[in-house]
Every structure is written in C-alpha cells, then in structure tokens.
Amino acid sequence: MGRKEERPGQALEVKIPSLFRCPISLDVMRSPVSLCTGVTYDRAYIQRWLESGNTTCPATMLPLPSTDLVPNHTLQRLIHLWSSSAAPAPLVPRRLARDFLLREISSASTSAGDDDPVPPLLKLAEFLSADDVEPIEKNDLVGVGGCTSVLASVLVRKGSRLERSVAVARVFALILTSDFIDDCNKKIAIAHLVSHIDRSVSALIRVLRDGDSLESQIDAASVLNAIIAASDAEANVLIAEKEELVRELIRLIGPSDEKGATMDRRAVEAGLGCLSGISAAKRARPRMVRAGVVPALARVLRADPAVAPPATAGRALRVMEAAAGCAEGRAAICEDGAEAATAVVGRMVKAGREGAEAAVAVLWSVCHAFRDRRAVQAVAATEGGATKLLLLMQSGCSPAAREMAADLLKIFRVSSNSFLAGYDTNTIHIAPF
C-alpha cells in the first residue's frame, strides 16, 4: 500500500541531458561542432543545413558571417563519459574488438608467414570512418597501444605489397585529416612517419604512382603533405630530390587539357598542398619547374571555380610565385605566348588577398624586374588587367604589393580596351576578395 507503481521498462530509461542533444535532430550528438554564434550542433545535421543554402544559425536565426565549424572536444568528452556510465555494456565488445584489430595488424606486420594485415587494416579504416562510432573512441584507438607505430612499421617494411601500403595510407589519411582526431594524436602519428622519413616517403610515392584508385592517390598525397609540413627545410630538400614525387604530384593535380573538366577538387588540393611545402626549399624550385609545375599551375588557374575555388587558386599562385623566384621558372612562365602569365592575370582578384599579392609578385618579376617582352605583351593584352590591379591597390594590400602593382600599371596603354574599361573612379569600396 502506498508504494509507487513502476511503469514497465522504467528501470531501463535513461534521461539525456538537454545539453547533449542536437538542436536540429534532438538526438545525442555524435560529433558536436560549434558555429560562430556559439551554438553547438551535430556535424552531420548542421552541414546538411548549410549545404541546403541556409545562411543563418538554426537556433538563433542570426545571420552567419562565417560558416566555419569548430569541433567542441570538451562537450564530446562529456557525452562519451555520460554514455559510458549510462550504457557501458555495448562499449566492452567494441573495445575488445578494437584491441584485437591492433594485435592482428601488429602480428601480421612482423610475421614471416602468410598473415595478411590488409583485412584488419581495412576494418580499422572502417572503424575510423564509421558514423556510429563516437569520436572519443576513435581518439582512444589512435592514442593507445602504439597504433600509429604499428601502422608505420607496416608502411615502411621492405618488400611490402602495394595493397598493404594503400590500406595503411588510407588509415593514416583518416587520422591526419579528420577534425575529430586530437592534435596530440596527429603529432604522434606524424612523428612515427618522420622517424623513417625516407622509407615512408618512398612507400607513399609508390601509392601515388601505382595506386588502383584516385582515392588512394589522394590519401597518399594527404599523408605526404603532413610529413612535409612537419619536416624542416633540409628534410624537404631531400624529399624534393625524389623527382618521381614531383612528377606524380603534378599528374595528380590534373590532366593537360584546356578546361580542366576532368580535374578532381580534392586531388588538386592534396597535390598543391605538397607542392607548396616543397617549393619553400629554394633548391627544389628548378627541379619542380623541369618537371612541369608551371603549366600544371596554369591549368589549375584556368579551371572551373568548382574545381579551383579561391583558396585553391591562391595556393596555386603562391607556388607560381615560388617558381618565379628562379630563372627556370620565369622562363617557363613566359613560354607558349606567356599563357601562364595570362592565367595569373585571370585569377588575380579571385584568389584571396594572399593569392592576389602572389599574382602581382609573379607578374612584376617577369614583366618589370626581368622585362620579358613576351610576358609584357601578353599581360598588356589581357582584358581588364589594369582594372584588377587598380582594385588590388584599393583593397588595402601590403605596401610592397601596392608598389609592384603601380610598376605594372605602366605597361598598360591608356585606352578604353585595357586601362579604363569597366573602371569607375567613384567606386572605391570594391572588395575583390
């Protein structure tokens, strides 16, 4: 008598803290990310909202000056701790399976028999890319048990089959490019790769060259980009001396067709990332030019903006600026009617501020400093070139870029076709970036 009756299943109910629910789906968030408004959403749902063309915050309906998504690692850990205490049983078999995968990969990589590490490597890649696995679990896998050390040993093992290198490159690419992996875990992964840098790079070049799909080649380039970014200038010179690497990166960027219609955006970005890092070493630039980097960059600059958006075009222009820093690069820019110089003018104001200033530096180098007649004629004949230079000077660029732009304006004839076309002297607030 007087005892409160318990509803069937009440003991199994779990109260979910409202903070852990996505404002869109109302479910527990798997990958919480925050907008600039400070509101946190589940990544999959807010991405769908933004990709649908919405420009406001769903919860506050405030306009979004930025659509950047920042991972909320603190909330992610709180959700993981809560889910572990609320329903620990399902996590036990998953953790055991995860640990077994690592042992299986390690055993196969060190075994002299016929054990094949590819199947467990593919399962590991599936684990890291699965939507139903909490990000904190993925971090636990990467951060404990010598995971990345085992992966690196498989990659650099002599006589390793191509399939193994492809599978390892896939796992490393997921670790190094995913927002949900902590920076400290990424640094550990890179350290293991760099500790065997020559063999690591050679294995990844092999995947670039012989990989059975564009996806595997992009994976290899992404891992190489992380290695190059973490290495010092001397190491990058040694990496750049592998001429096959530069050739394969140029091939990855895209075919030598006029419109670049068959270029892949991810491949272009991955290839440019590596070339940008390599070009920082001055000794590497002539070798890059001889491998054909200048016409490849010009193809990127002429490609559809869907393939080469402003950020990508800006990176291409910065690599072109590095190429213009050597005599071989300037000669290549001026070849074939200075088509590369024309391509630079074409993307000058659609490549971000840094890209625009790099474009000016390229043109100033070949047209003013070294006064190549072919480049001067090609640039002067480019429609709207002078207008773009004027817009750059109005945009608050650096003093050096403004001075170079002023020098370049002198090569244009004051005519309706080149200098004054489309230029309104009353328009002073145009932002070309």
In nm, to one decimal, how far is the residue 290 label point from the residue 54 one, both placed 7 Å along Cα→Cβ?
5.6 nm
Heavy atoms of residue 219: accessible area, 1.4 Å probe, square angstrom to 10:
10 Å²
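Any idea what the relative contact order of the stretch 223-335 is, in percent, if you count C-alpha pairs under 8 Å spaced at least 6 apart? If you can, show how the numbers build up before the last one.
Working: 141 pairs, mean separation 33.6, N = 113.
It rounds to 30 percent for the stretch 223-335.
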How much of the accessible area of the stretch 199-245, in percent, comes from carbon and sulfur atoms when a 1.4 Å probe is used?
45 percent
One finds, for residue 132 and residue 199 with R0 = 41 angstrom and r their Cβ-Cβ distance, a FRET efficiency to the nearest 0.05 of 0.70
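Stretch residue 19-residue 403 to full length: gain in nm at 0.36 nm per residue minus the Cα-Cα span? Each step should come with its number before you reach the end.
Numbers: separation 384, 0.36 × 384 = 138.24 nm, distance 5.34 nm.
Residue separation times 0.36 nm, minus the Cα-Cα distance, leaves 132.9 nm.
Quick one: grab the alpha carbon gyration tensor of the stretch 254-356, order the square roots of its eigenvalues as a ≥ b ≥ c, and give me rounded if a/c is under 1.5, else prolate or oblate depending on whether a/b is larger than b/c.
On the way: a/c = 1.41, a/b = 1.29, b/c = 1.09.
Judged from the Cα gyration tensor, the stretch 254-356 comes out rounded (a/c under 1.5).
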Virtual spin-label span in nm between residue 36 and residue 73, 7 Å along Cα→Cβ
2.3 nm
Yeah, the stretch 301-401 with a ≥ b ≥ c from its alpha-carbon gyration tensor (a/c under 1.5 is rounded, else prolate when a/b outruns b/c, oblate otherwise) is rounded
Phi-derived 3J(HN,Hα) across the stretch 405-411 with the Karplus relation (6.51, -1.76, 1.60, θ = phi - 60°), rounded Hz, x for Gly and Pro, is 5, 5, 4, 5, 4, 5, 7
How would the stretch 149-198 be classified by its alpha-carbon gyration tensor: rounded, prolate or oblate, with rounded meaning a/c under 1.5 and the a/b versus b/c comparison settling the rest?
oblate
Which ³J(HN,Hα) values, rounded to whole Hz and listed in residue order, are derived for the stretch 201-218 from phi using the Karplus coefficients 6.51, -1.76 and 1.60 in 6.51 cos²θ - 1.76 cosθ + 1.60 with θ = phi - 60°, glycine and proline given as x?
5, 4, 5, 6, 4, 4, 5, 4, 7, 10, x, 7, 8, 4, 4, 5, 5, 5
Lys and Arg at +1, Asp and Glu at -1: neighbours of residue 234 with Cβ under 14 Å from its Cβ sum to -1
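Given a Förster distance of 30 Å, report the FRET efficiency between residue 177 and residue 234 from their Cβ-Cβ distance, rounded to the nearest 0.05.
Numbers: r = 26 Å, r/R0 = 0.86.
It comes to 0.70.
The values are calculated or read from the model by the stated rules, or taken from the named source; none is laboratory data. Because the structure is predicted, anything quoted here is derived from the model rather than measured. So basically every Cβ, Gly included, is an ideal-geometry build from the backbone, and we count neighbours across all protein chains shown. Just the protein is used for accessible areas: all its heavy atoms, side chains included, with ligands, DNA and RNA removed. Shrake-Rupley method; radii C 1.70, N 1.55, O 1.52, S 1.80 Å.
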